[in-house]
Amino acid sequence: METTPVEQPEDGEVVRRVLAGEEDLFELLVRRYQVRVVSHVTRMVGSREDAMDLAQEIFLKVFQALDRFNPAYKFSTWLFRIAGNAAIDHLRKRRPRTVPLESPDPEGPGPFPPEQRSTGLDPYGELRNVERGRAISEAIQDLPPDFRELIALRHFAGLSYEEIAEVKKLPLGTVKNKLFRARVVLKERLSGEVT
């Protein structure tokens, strides 16, 4: 006997129903977006622990401001705008970043998950991949906050250029130009590091 998957309501429908009194449905939106929001915020603030705390604050802000959501736009765009602003506020309040003297364990909890390993690499190849991943992560962390956010939105949150333009309230051409410049800066910082 085949079971048909239960169809989940669209984001806009969930928002409408939450505002109509079905507040428990908000949990559906949290489950739907929590991983992407935490990932996006982690890449912006550099700490998964801070990102987890911020994600709770972000979803609370979203819930409290749900009546101001404009259904003419995508819910995810609105959510990522709030998440980006919260991350930027956090960075402004935070003290200057310190760098530990010992390097973190590549298998341990860090700001970025360890790279996926291909099955045929020798230990040297694996070490080289870990070092590349670390160099890329550090280079992204050292970008100016606006470049870091654009890189995170595009390459880690998976938003399209158009969605980023909506989130950041920027013209599409400006988004493409800033992303291009961010990638150039990354490439310059990584020259010699990653081959």
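If you go through the stretch 142-182 and keep only what is of a type in the set (Asp, Glu) and out of contact with any Ser or Thr (no Cβ under 7 Å at 6 or more places or on another chain), you end up with ASP142, ASP146, GLU149, GLU162.
Among the residues of the stretch 12-48, just one is within 23 Å of PRO145 (Cβ to Cβ) and exposed (fewer than 15 other Cβ atoms within 10 Å of the Cβ), namely VAL35. Just name the residue that is least open to solvent (accessible area, probe 1.4 Å) out of those in the stretch 60-85 that are of a type in the set (Phe, Trp, Tyr) and not in a helix (DSSP H, G or I). Out of the qualifying residues, it is PHE69. Checked against (1) β-branched (Val, Ile, Thr); (2) open to solvent by less than 100 Å² (accessible area, probe 1.4 Å); (3) over 14 Å from the mean Cα position of the chain (by Cα), ILE88 passes all but a single condition, namely (3).
The listed residues are VAL30, VAL38, VAL45, and the only one of them that is without any contact (Cβ under 8 Å) to a residue 40 or more places away in the chain and under 30 Å from GLU138 (Cβ atoms) turns out to be VAL38. Only one of the numbered conditions (1) in contact (Cβ under 8 Å) with a residue 40 or more places away in the chain; (2) surrounded by fewer than 16 Cβ atoms within 10 Å (Cβ to Cβ); (3) closer than 30 Å to LEU143 by Cα is not met by GLU57, and that is (1). The number of residues in the stretch 149-165 that are closer than 23 Å to PHE69 by Cβ and either open to solvent by less than 70 Å² (accessible area, probe 1.4 Å) or modelled with pLDDT under 85 (or both) comes to 11. Does the stretch 5-15 contain at least one residue that is touching a helix residue (DSSP H, G or I) at 6+ places or on another chain (Cβ under 7 Å) and either among the aromatic types (Phe, Trp, Tyr) or closer than 27 Å to ILE136 by Cα (or both)? Checked against the condition, which is being touching a helix residue (DSSP H, G or I) at 6+ places or on another chain (Cβ under 7 Å) and either among the aromatic types (Phe, Trp, Tyr) or closer than 27 Å to ILE136 by Cα (or both), the stretch 5-15 yields no hits at all.
Looking at this structure, is VAL185 touching a residue at least 40 places away in the same chain (Cβ under 8 Å), in contact with a Ser or Thr (Cβ under 8 Å, 6 or more places away or on another chain) and either of a type in the set (A, V, I, L, M, F, W, C) or assigned to a loop (DSSP other than H, G, I, E, B) (or both)? Considered against the rule, which asks whether it is touching a residue at least 40 places away in the same chain (Cβ under 8 Å), in contact with a Ser or Thr (Cβ under 8 Å, 6 or more places away or on another chain) and either of a type in the set (A, V, I, L, M, F, W, C) or assigned to a loop (DSSP other than H, G, I, E, B) (or both), VAL185 comes out as no.
The values are calculated or read from the model by the stated rules, or taken from the named source; none is laboratory data. Given the structure is predicted, the values throughout are model-derived calculations rather than measurements. Note: ideal-geometry Cβ built from the backbone for every residue, glycine included; neighbour counts use all protein chains shown. When the accessible area is computed, the model is the full protein with side chains, heavy atoms only, and any ligands, DNA or RNA have been set aside. Shrake-Rupley method; radii C 1.70, N 1.55, O 1.52, S 1.80 Å.
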